[in-house]
2 protein chains.
Amino acid sequence: MDDYHAQRKQLIADDRALRIDHAAQKEISEEERRADKMLRHIRSSEAVSVWSATQPLKHLHGSQQLFPGMAFLTARETIVGTKLFDILSKMPKGGLLHAHHAAMVRVDVLLKLALSQPAIHIRVPAVLCSATIGTALPEFRGLSRAEWTTHPSITDQRYAPDTWVPIQNARSNFSHALGGPEGFDRWFTNIMTINPSEAYGTHNTTGEIWKKFQSTFIAAQGLIFFEPISTEYIREFFYSSIEDGISYVEVRMAFHQKYMTGADGERNVPHRVWLQLYDHILKEVKADMKQQGREDEFVGSKIIYSILRIITPEEIEWYLEDCIAMKQEFPHLISGFDLIGHEDTLLPLIYYAESLLRFVERQKELGIEIPFMFHAGETLGDGTVADMNLYDAILLGTKRIGHGFSLIKHPKLMQICRERDICVEVCPISNEILRLTGSMPMHPLPAVMNQGVHVALCSDDPAVFGNMGLTFDFYQVFVASEVNNLTTLHELVWDSIRYSALSHEEKECAFEKLERRWNIFVRYILDTYGGAA
Amino acid sequence: MDDYHAQRKQLIADDRALRIDHAAQKEISEEERRADKMLRHIRSSEAVSVWSATQPLKHLHGSQQLFPGMAFLTARETIVGTKLFDILSKMPKGGLLHAHHAAMVRVDVLLKLALSQPAIHIRVPAVLCSATIGTALPEFRGLSRAEWTTHPSITDQRYAPDTWVPIQNARSNFSHALGGPEGFDRWFTNIMTINPSEAYGTHNTTGEIWKKFQSTFIAAQGLIFFEPISTEYIREFFYSSIEDGISYVEVRMAFHQKYMTGADGERNVPHRVWLQLYDHILKEVKADMKQQGREDEFVGSKIIYSILRIITPEEIEWYLEDCIAMKQEFPHLISGFDLIGHEDTLLPLIYYAESLLRFVERQKELGIEIPFMFHAGETLGDGTVADMNLYDAILLGTKRIGHGFSLIKHPKLMQICRERDICVEVCPISNEILRLTGSMPMHPLPAVMNQGVHVALCSDDPAVFGNMGLTFDFYQVFVASEVNNLTTLHELVWDSIRYSALSHEEKECAFEKLERRWNIFVRYILDTYGGAA
């Protein structure tokens, strides 16, 4: 049996040798070793004390079993009460590498921003009542002074469909039958987020849930792309990320619309002004953090120029040129290019390949570099157009892969990712809510990590999913595997800087800051939970 | 772009080069090529005509979208109405390599067999009424003549809990309030099967659903291990398998109980008599098939000696010796050894490793061979005891892996499976109902196949899941991938013989028969659906 045990130990070691945190497992300090033990102890204790309970099943007799890594929208309240969540919320997260600008700020904050702007009006295609509230999608717009109205309500029978009402009025006079102003807030939240009945009931396929998902962006754009809100929105995005321990954000901003609506209600704010504003806020926030003595907590932000995969190859040319122009004017901000939107139903990368290849040539001529950061394989399909995007992403030389959910099905592409050091931006909660996986234990992430492909955990669209920051995604991943430990977390955090678009010098600086904060984090575990292990 | 397209073609080819049906893709006949085109045309047509419908959602307002490969228990009725199901039901399936003897016969047939035996009595721990019917688990037993009773009912208030009632009486006098005799039949079905409310509602974890799953076996054992039923049960198992196009069955039989109950109601029928009976029926069925001129349709059956992973290493010794004795007496029947039961909660392979290693040595001394066919990795766990069973299964030299659901997480073990040609018995519908995957498109099977590990599709426990035969499992797999084609099906069918425990000569003979039937199948597609493509 000694022989057998020796062979077994070797086999396990060989099996884990490809794992992304393999090398790092040996390099940890004594303090980290103790903190890791506590962390794993808390995970296994809470698996019993928290996750073995049951909760009533709303729509069926009986109750359902809670479990670690279960569907996020029904688990959220339980998660925030755990010790493990407390610990992970204190962890420095490094970079957030996959996040869509239009879904980064909490819905209640967005509503507050909207209500603070008298220019913001709302309209609906039908008088809002119990029969229409479930389907009517509102439109928001910052109107020019001349267009402002004094219409009182969108729930009054006298409301003329599709006429603009000041958002303040619409809220104040929201009918009692629909819950008054609080009813308005609930409705606003339902419009802007995915709720559990949708994700786990009525919208049971990726196709169905994407319809709801897209509608949240359609509704929000009139607010987010109104300049006075836009700037506060970005500020809020930076500060809330910092609060969660994120020190760098590389955000996908959709430049599909050529103009944003200005404070004057005119749609006349061009892309370069968006970037000027972004840059300005970024500098303000950095200066503020420095002044607070919290320089280690924020190293900056860059933007991945993104457009929707619905346009023609002719139309993309304008955007590619625009992207180059923006890169030339804001070299420190523009860090990549991507095509976004539902891969299963919209256009594949191959459709744009010729333009994209020319784009690469143009960059060489101009001596600039805008790496591709393509979404690819965000699908359950096997051999479908969306799955095949992975081939094109890699052939076109993508630096990272957004989602890559179906990557595990492609041994050659997995090998290329290892060889060319292509990192996969994995969005665990997004994948689960958008119905690619039933729960975290069903997610292919452990297979990808064990097969040696590096990943960065990302939140994707936290305003819609409710997974603000990165703590929730780290939580779901950490509880769904016995192999994950403190070193795994460390590796994921470091990888999020390593695979970022930061320059070599910026990375060195970011690692230095991260190292200091990591040590504080480890001490926090030891000091706070030292008695528990 | 020509260059790009050439590179793309090469990359896809390289990526698929490891795939299990890769070599076979080039070797197909012109007829197969046409049949394949039809088959894929029907799949894509029905994806729209059948699977784009919605169905009302029982417990929530609104409806749910149907989709190919969706949860089996809610999809079954739709599946059986499709052309693709008709075609696959005509396909010769080769061998069924992972199936549990105690869950192989349709529940209505088992009930008929039970009702035909006056010795069969039933008892329940409480008078059956609307309050108890959901929880009271009945016990069945073939009693000795002297023990027979004339008690009238298990639903009458005068029923003394735990007293035996003839099953015929219990059914005839089942209270009107509970639906009378048809109510009895429905109750019996509920006891013996998993229903959609359980699988997709109240029993939402593998742990919960296994409790219900195990209870079906506990209830059924009193019937299945009553000799007069047992023989008819096996006969039914063979014939129903044949009707579905299965020509060979390698069944896991639980030898945990040392004696079966004989016709006389005494628990005195030892294992060797079980095998004599099995052998006898097998010969009868083969002779009958020959007489009907249907020799090609059935090549035989073997048994994998199985015990529950709940016993001590001391207790296992008796079974290992018994297994050897059975192999010596029935060398053509005993084809392997396995430990069965819920891996997440019962004992791991490592617990028995020492005994199992000695068992291998004993076989060498005796010049016999009883290959291990271990269940391993039937779990969502990552690094858990159940997941670690994969290391031991492989170190102990398993010939095939039962389930191997978590195998994809282990690159070294995947490599060993390729090198040593270890086949994985994948049970798609079982995995889905037992909550390892939400639907077929979420199942890791495509990743396993694409990474070059050979698989045999299996039904596991069709009496409990309702996936009788292999057509349903082939259906779910075929519709969930665009890569799968007729050659994939051919490869899966041939692999089910290739990785069976049949001898080299038996395999040659089985392949010959399969070849003839495959050609008939291809002609069936062309003749029946020729107009559709």
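In this rough spin-label picture, where each label sits 7 Å from Cα along the Cβ direction, the residue B:47-residue B:158 distance is 6.4 nm.
Eigenvalues of the Cα gyration tensor times 5, then square-rooted: what semi-axes does that give for segment B:268-382, in whole angstrom, largest first?
For segment B:268-382, the semi-axes come out at 30, 18, 13 Å.
Counting every C-alpha pair in segment A:51-171, the share spaced more than 19 angstrom apart comes to 67%. Shown for residue A:49: label points 7 Å from Cα along the beta-carbon vector, and their distances to the equivalent points in the other copies, 6.0 nm in ascending order. Cα extents for the protein assembly as shown along the principal axes, largest to smallest and rounded to whole angstrom: 97, 73, 62.
Ranked from shortest, the separations from the 7 Å Cα-to-Cβ label point of residue A:156 to its equivalents in the other copies are 7.4 nm. Orientation-averaged projection of chain A equals 27.6 nm² [convex hull of Cα atoms, one quarter of hull surface area].
Tell me, how many Å apart are the Cα centres for segment A:342-394 and for segment B:316-342? Rounded to whole Å, the Cα centres lie 56 Å apart. Remark: the protein assembly as shown carries a charge dipole of roughly 1160 debye about the Cα centre, counting +1 on each Lys and Arg Cβ and -1 on each Asp and Glu Cβ. From the Kirkwood radius over Cα pairs of segment A:377-533, Stokes-Einstein at 10 °C and 1.306 mPa s returns a whole-number translational diffusion coefficient of 95 µm²/s.
When the alpha carbon gyration tensor of segment A:188-229 is reduced to an equivalent ellipsoid, its three semi-axes come out at 24, 10, 5 angstrom, largest first. Note: relative contact order over chain B, using C-alpha pairs below 8 Å and six or more positions apart, is 21 percent.
Roughly how many debye, to the nearest 20, is the charge dipole of segment B:118-192 about its Cα centre, given +1 on each Lys and Arg Cβ, -1 on each Asp and Glu Cβ, and no other charges? Can you show the working numbers first?
Values: 6 positive and 6 negative charges, 17 e Å.
Magnitude of the dipole: close to 80 debye.
Note on chain B: with charges restricted to the Cβ of Lys and Arg (+1) and Asp and Glu (-1), its dipole about the Cα centre is near 740 debye.
The order of the peptides B:198-206, B:324-332, B:445-453 by mean Cβ neighbours within 10 Å, most packed first, is B:445-453, B:198-206, B:324-332. The other copies place their residue A:10 label points at 3.9 nm from this one, listed shortest first, where each point is 7 Å from Cα along Cα→Cβ. Take the Cβ atoms of residue A:526 and residue A:239, set R0 to 25 Å, and the FRET efficiency comes out at 0.30. If a spin label sat at a point 7 angstrom from the Cα of residue B:14 along the line to its beta carbon, the backbone N atoms of segment A:378-420 nearer than 16 Å would be those of A:390-398, A:410-420. Restricting the calculation to Cα atoms, segment A:168-238 shows an Rg/Rh of 1.05 when the hydrodynamic-style radius is the Kirkwood one. Computed over segment A:183-312, the alpha-carbon pair-distance distribution with 5 angstrom bins reads 2, 9, 15, 17, 17, 17, 13, 8, 3, 1, each value a whole percent.
Net length available on complete extension from residue B:276 to residue B:90 is 63.7 nm, with 0.36 nm assigned per residue and the Cα-Cα distance removed. Of the trypsin sites (Lys or Arg not before Pro) found in segment B:487-533, not one falls in a DSSP loop while having at most 15 other beta-carbon atoms within 10 Å. Three principal axis extents of segment A:118-192 based on alpha-carbon atoms, in descending order, are 32, 23, 19 Å.
Taken together, the values in this text are just the output of simple stated rules run on the coordinates, not laboratory data. Everything quoted here is computed from the prediction, not taken from an experiment. Note that we place each Cβ from the backbone using ideal geometry, even for glycine, and neighbour counts take in every protein chain shown.
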